[in-house]
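Derivation of every value follows stated rules applied to the coordinates shown; laboratory data play no part. All figures in this text were calculated on a predicted structure; none of them were measured in a lab. Cβ atoms come from the backbone with ideal geometry, glycine included; neighbour counts cover every protein chain shown.
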Amino acid sequence: MSSLALFDPEIFDLINKEHKRQVEGLELIASENVVAREVLEAMGTILTNKYAEGYPGKRYYGGCEFHDKIENLARDRLCALFGAEHANVQPHSGSQANEAVYLSFLKPGDKIMSQSLNNGGHLSHGDPANISGKYYDVSFYGVDFDSEVLDYGAIEEQARKYKPDLIVCGASAYPREIDFKAFAEIAEDVGARSMADIAHISGLCCTGLHNSPVGVTTYTTSTTHKTLRGPRGGVIMCNKEYAGAIDRAVFPGMQGGPLMHVIAAKAVCFREAGTEEYKTYAKQVVKNCKALAQGLEDNNFRLVSGGTDNHLCLVDLESYHISGQEAEVILGKAGITVNKNTIPRQSLSPFETSGIRVGTPTITSRGMKEEECRQIADWIAEAIQKRESDSALAEIKKEVSTLCLKYPLYPEIRTL
Ligand SMILES: *Cc1c(COP(=O)(O)O)cnc(C)c1O
């Protein structure tokens, strides 16, 4: 970093401030994580200097011999990790992976069925504000009003009526296990293809903590930076018969040159995700989330669907008479980062929201266990109860940073 510090002190200083924020605060945003040093190392390399449009062995630029080897390692490792026949590791993001699947076989105006944004789905699943909602005709399914879980009978009925070309499953804010086989069967029954977007839970799927859709649904997409704990990016997996169409949709369909420094870091991430240590990590993510959930319930918060099977909880704030928007700000003052989130039985507007989403991937990467999770639940309740008192919030923030300093992001970098 020393040459950056000399050449561009403004950016250097802001990176250091952000590092300090990450070290001292409790990150409960369910879609974030802390990558391994080795992942950071691969990303910050000269690989960024190279154009490698195309695929290994079929590039549009010379000098790609090492890039071919890197991309093949990434693809092979991803296929081995999930038992996939084919993998494309080039999508720049999870959203672009999804758009590439649509582009690979749908025409504008074709029909998609997917989980609605306010019931936990993702923008790139056909939200009107997203390109997917503008190009395709979309019918949304949600969760059952009483149980707040997916009702496969109702989804099947909707699919029979709507006759979609593609059924999308997978979510950004759904605390329960998703039955990918049920989705694949519904799709097959109505003559549709199916896509599972495991952006959030891919780290649980590859370790057997959640059922895996790979080889079950027609396509599987994921980000690499959430539970999987790699660099920011996307991937697509499918059977061989769809490989050519998927590869053409990513390049030249959606993107130009791949980010080869990120693909190298993805390869490092896939290697890490295949280790016993990572499996232990993923198990602890789920255990921690259950402890956090129990702690929140003990503090009189209602959890959407009554609990969690994965790395996140959706918290209904009704009993504390506070909106998600306010809670996000109050918790921020106490050093706890969360995001406001719509919940299925929402009384407030989608901007204010009636809930927050909390998750354990980041704190688990830092080494925190169940005991810390129960403490965090108590702090969340205390901060919200004492929200009128700036001094009480400052006091919690101090306790939070004392805990956090015991769990550095990178133990070998202790000073900032
Ligand atoms: C996060 C997420 C994405 C998008 O990821 P980006 O890399 O931010 O584009 C797609 N689908 C789901 C379900 C997600 O949670």
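All other residues whose Cβ lies under 10 angstrom from that of V338 are scored, Lys and Arg at +1 and Asp and Glu at -1, for a net of 0.
Net charge in the neighbourhood of K69 (other residues with Cβ under 12 Å of its Cβ; Lys, Arg +1, Asp, Glu -1) is -3.
If packing is taken as the mean number of other Cβ atoms within 10 Å per residue, what is the order of 388-396, 8-16, highest first? List each step's numbers first, then the result.
Numbers: 388-396: 13.3, 8-16: 11.7.
Top to bottom by mean Cβ count within 10 Å: 388-396, 8-16.
Placing dummy labels 7 Å off each Cα toward the beta-carbon, the span from E188 to I131 is 3.2 nm.
Net charge of the neighbourhood of S391, taken over other residues with C-beta under 15 Å away and scored Lys/Arg +1, Asp/Glu -1, is 0.
Taking label positions 7 Å along the Cα-Cβ direction at both D76 and D390, the computed distance is 6.0 nm, reported to one decimal.
Counting only lysines at least 8 places from K333 when in the same chain, those with an alpha carbon closer than 30 Å to its own are K17, K20, K226, K287, K290, K369, K386, K397, K398, K406.
Can you give the FRET efficiency to the nearest 0.05 for D151 and A5, using r as the Cβ-Cβ distance and R₀ = 41 Å? Intermediate results must be reported in sequence, preceding the final value.
Values: r = 56 Å, r/R0 = 1.36.
Using R0 = 41 Å, I get an efficiency of 0.15.
Can you give the FRET efficiency for T280 and E177, using 1/(1 + (r/R0)^6), R0 = 22 Å, r = Cβ-Cβ distance, to the nearest 0.05? Before the final figure, lay out the partial values.
Values: r = 20 Å, r/R0 = 0.92.
Computed FRET efficiency for T280 and E177: 0.60.
Among L292, L123, L314, the residue with the largest mean-square fluctuation in a Gaussian network model of the chain, with springs joining Cα atoms closer than 10 Å, is L123. Where both bridge residues fall in the chain, DSSP classifies roughly 55% of the beta bridges as antiparallel.
Relative to the Cα centre, the charge distribution of the chain, modelled as +1 at Lys and Arg Cβ and -1 at Asp and Glu Cβ, gives a dipole magnitude of about 820 debye.
Under 16 Å from a label point 7 Å along Cα→Cβ of L405: give me every residue in the range 345-374 with its amide N that close. Residues passing the 16 Å test: none. Taking 0.36 nm per residue of sequence separation and removing the Cα-Cα distance, the K240/F12 pair yields an extension gain of 77.5 nm. Estimated at 0.36 nm per residue, the fully extended path between E65 and E371 surpasses their Cα-Cα distance by 105.2 nm.
Express in whole angstrom the spacing between the alpha-carbon centres of the range 243-282 and the range 57-122. Each part's Cα centre sits 8 Å from the other's. Each of A265, Y51, Y141 was scored by the projection of its Cα onto the charge dipole of the chain, and the greatest displacement toward the positive side belongs to Y51; charges sit on the C-beta of Lys, Arg, Asp and Glu.
Residues within the reach of a label modelled at R345 (point 7 angstrom out along Cα to beta-carbon, backbone nitrogen below 16 Å), restricted to the range 99-130, are 119. Label sites at K50 and R160, each approximated as a point 7 angstrom past Cα along Cα to Cβ, lie 5.4 nm apart.
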